[in-house]
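See structure below.
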Amino acid sequence: MAQSEIDLTVYPDECDAFGHLNQAAFLSLFERARWEMLARGPGMNIFTLADAWPAVRKTAIDYHAPAFPGDVLRFQQSLIHHGRTSFTMRQTARRVRDDVLIATAEFVFVCVSRDGRPVPVPEVFGQFMAQPSRGAGHRLTVNGVGIATEVRGEGPPLVFIHGYPLSRLIWEPQLDRLAGVRRVAPDLRGLGLSDAPDLGYSMAIYADDLIALMDTLDIEQAVLCGLSMGGYVAFEVLRRARHRIRGLVLMSTRAEADSAEARRGRDAAALLVREQGAGAIADSMLPRMLGASTTATKPELVAQVRRLMAASPVAGIAGALTSMRDRSDSISMLPELGDIPTLIVAGAEDTMIPLDSARRMAQLIPGARFSIVPEAGHLVSLEQPEAVSTLLSEFLSTIP
Ligand code: MLT
């Protein structure tokens, strides 16, 4: 069950003559936290887009302790019932300073159309709230933004960088299986469970976040493993802090910048996500995300990947699109990477990024290893998890 956390500050105008947060103001804060959760998630317009308005049918609030002006309250939201046309949300408010429980509330909603008829709860809302709450992992504040990060195991660090519009969940099999390495997998800003500010996206900013994250985790040098957009970020880290990279895995990615046509496609996709939400992006990308073999044989994985994309915050998707659109060409760097052990991995059935791009990188990086994974498309880490984990282990064992 999804749980999201939103921090809100108590203002004097919300308090009574004795300075307590007023009971009516609590209702506003609970409501603000729910909208903020959607704003940082699939977008505030998911209900209007589906022509289904969530009308409150019942509210129950327990007030446990007073709150005062200046208190920062952490609101946690979870979906405790999901019916066809109704749903129930449970919310708690705790004071951040001393973790005191201030109030708990349950809200029952019925979705109605404009003429007041009950209509189904929008699918995107259910998908968003169904994201696993596990894996908030560590929440590290990096460059002022909360970055959800999974850290597992001990040993030389391996930092995973996911693609677009995905999250660190694409590395779940490798996080589980690889032994003898410290596996670090952040959600890039704007995606997964990381904060999604409205502005502040570029390859340089993603790279700066990663470098700052490494600093925070006391990682001097790491092997970077980037899938697709994650590879674009890895190139940017190379530009900015090459000495921090011990090895490089470039998976389902390319070194070329976007063509003029691809750049126009990014703008069209940014418009689509702003107007129609993350679900529309998920639908348009799903056919190219997975290989034909996976699509034919693993329907649960297809559904999981669609859910993952549809749950991405709108601001983060739009930010990733402009970042990819404006990224630099990295081809000229490749011949200079001979001193960094590099593995290139591509899915044999990838239709998102042509295999020729992977071959070109393999030819241009002196000494690079190159593996094509059969029966896998773009999301090779999820489509052939064991093969990818084995490739990574073998590669890591070759790095001095
Ligand atoms: C990704 O998977 O990260 C993106 O699809 C890459 C791209 O669109 O260039």
Farthest toward the dipole's positive end in region 210-342, which of Ala255, Ile219, Ala310, given Cβ charges of +1 (Lys, Arg) and -1 (Asp, Glu) about the Cα centre? Ala310
Does anyone have the angle between helix 229-241 and the longest principal axis of the chain? Alpha-carbon axes, 0 to 90°, nearest 10? 70 degrees
From Cα pairs below 8 angstrom and at least 6 apart in sequence, can you work out the relative contact order of region 241-375, rounded to a whole percent? 37 percent
Positive minus negative residues near Asp329 (Lys, Arg vs Asp, Glu; Cβ under 11 Å): 0
Would you work out the charge dipole size for the chain about its Cα centre, treating the Cβ of every Lys and Arg as +1 and the Cβ of every Asp and Glu as -1, and quote it to the nearest 20 debye? 380 debye
Kindly provide the helix-only [θ] at 222 nm of the chain, computed as the sum of -39,500 (n - 2.57) over DSSP H runs of four or more divided by all residues, to the nearest 500 deg cm²/dmol? -11000 deg cm²/dmol
Taking the chain as the reference, fit the longest principal axis to its C-alpha atoms, fit the long axis of helix 299-310 to the helix C-alpha atoms, and give the angle between the two in degrees, 0 to 90, nearest 10. 70 degrees
If neighbour count is taken as other Cβ atoms inside 10 Å, put Phe68, Phe125 in order from fewest to most. Phe68, Phe125
If I fit a long axis through the Cα atoms of helix 278-289 and take the longest principal axis of the Cα atoms of the chain, what angle between them do I get, 0 to 90°, rounded to 10? 20 degrees
Beta carbons within 10 angstrom, averaged per residue: use that to sort the peptides 69-81, 308-320, highest first. 308-320, 69-81
Once phi is turned into θ = phi - 60°, what whole-Hz ³J(HN,Hα) does the Karplus curve with 6.51, -1.76 and 1.60 give for every residue of region 33-41, x standing for Gly and Pro? 5, 5, 5, 4, 4, 5, 4, 7, x
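Every number here is computed from the coordinates shown, using simple stated rules; none is lab data. All values reported here derive from a predicted model rather than from experimental measurement. Methodologically, a virtual Cβ is constructed for each residue, glycine included, from the backbone with ideal geometry; neighbour enumeration extends over all protein chains shown.
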